[in-house]
Amino acid sequence: MKPILISAAVALVVSILFTPYLIRVFSRQGFGQEIREEVQGQHAAKRGTPTMGGMAILVAMWCGYLVTHLVMGEPPTATGLLVLGLTTALGIVGFLDDFIKIRKQRNLGLNKTAKLVGQLVASVLFAILAIQFPNQNDVTPASVDLSFLRDITVISFGAVGFVIFAYIAISGWSNAVNFTDGMDGLAGGTAAMVLATYVLIAFWQLRNDCFGAGPAPGCYTVRDPLDIAVVAAAAMAACVGFLWWNAAPAKIFMGDTGSLALGGLLAGLSMATRTELLMIIIGGVFVVEALSVVLQIVVFRTTRRRLFRMAPFHHHFELAGWAETTVIIRFWVLAGISCMFGVGLFYADWLALAR
């Protein structure tokens, strides 16, 4: 428990203190957000608000993780470094996207091909490395089996199939969080809840590790569960610290730098904890936001009519007359319900097997 608390405390302090520094620097440099034409009326006042604040989240995560290992005198693990590496790689893709938007003074940054290539490179590198580095118990950071509450051994992708699956999962989650990042604090608050859930899951896996003294029924075969919890705690606290400045009215946006990174982090955590399908439930708000975009495109292309007033889904309610803060808080409530339901399923599975 001590490493988790240290990681969260350090990341929280760094995020809260470093974010206003970025606000001042980015404001002086004119690194302001461009606003989508469709929501100019509602969000016109936000034009010029500093963006790329996801840098604060990334820096705070790394500080929390590294300081924890320095204090505890333990070396970083393969799992922790791989998940943080994936998060950082996607953060770099997002940074390039944000920077192009700022330089060209438009709401479109990297083209679709460039963004997909960036996600592809990060995903493939992570997937290949994640099935390497077995520990003394021959457990690798990720598994080639599909997982729900633990590995489903009858559904195995194989090495090549896992790389393809990882790309789909990582690009899907990074885009889903990116779609959700359209209102002040919406993506950051939702991500913090999901990450808090993964702190609990990883800690429970640590307490019920199959490789401890006298493994009990229902134990978990996961490499480095403590380090996974440390990473999740650092990210959660970093999001909370950033949310202090990002809550409505936002003084800075996380931008694609933050949203793509957080999406990749969630995908990495789900693979490291063997809960890939459970993530769909825990991250239910992100799933709905992504599905709303897909459905809007499909329906419009087939019928030339719009299913929603606007996608992603949160803008549909905004255009229906809901106040922005109302949409944000209600989506946070839904995110909390999704997380609680996910934890309930996870614990119920352990109870059933531990009897």
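The values are calculated or read from the model by the stated rules, or taken from the named source; none is laboratory data. Keep in mind that this is a model prediction, so the values were computed, not measured. When we count neighbours, we look across all protein chains shown, and the Cβ atoms used for this are built from the backbone with ideal geometry, even at glycine. SASA here: full protein model, heavy atoms, side chains in, ligands and nucleic acids out. Shrake-Rupley method; radii C 1.70, N 1.55, O 1.52, S 1.80 Å.
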Selected residue (only one of Leu269, Leu243, Leu226, Leu206 is out of contact with any strand residue (DSSP E or B) (no Cβ under 6 Å at 6 or more places or on another chain), in a helix (DSSP H, G or I) and under 17 Å from Met52 (Cβ atoms)): Leu243
Close pairs from the stretch 120-135: first farther than 11 Å from Ala89 by Cα, partner at pLDDT 95 or above and open to solvent by 70 Å² or more (accessible area, probe 1.4 Å), Cβ under 9 Å, at least 6 apart: Ala127/Ile164
Sole residue being free of Cβ contacts under 8 Å to residues at least 12 places away in the same chain, assigned to a loop (DSSP other than H, G, I, E, B) and over 24 Å from Pro50 (Cα atoms), chosen from Arg301, Arg309, Arg274: Arg309
Residue that is modelled with the lowest pLDDT, among those in the stretch 302-327 that are of a type in the set (A, V, I, L, M) and in contact with a His (Cβ under 8 Å, 6 or more places away or on another chain): Met310
Test set (1) more than 18 Å from Ala56 (Cα to Cα); (2) open to solvent by less than 10 Å² (accessible area, probe 1.4 Å); (3) not in a helix (DSSP H, G or I) - Ile252 fails condition number: (1)
Answer residue from the stretch 229-249, given it is open to solvent by 10 Å² or more (accessible area, probe 1.4 Å) and of a type in the set (A, V, I, L, M) and is farthest from Ile92 (Cα to Cα) among those: Ala248
Gly218 being assigned to a loop (DSSP other than H, G, I, E, B), over 30 Å from Ile92 (Cβ atoms), touching a residue at least 12 places away in the same chain (Cβ under 8 Å) and open to solvent by less than 50 Å² (accessible area, probe 1.4 Å): yes
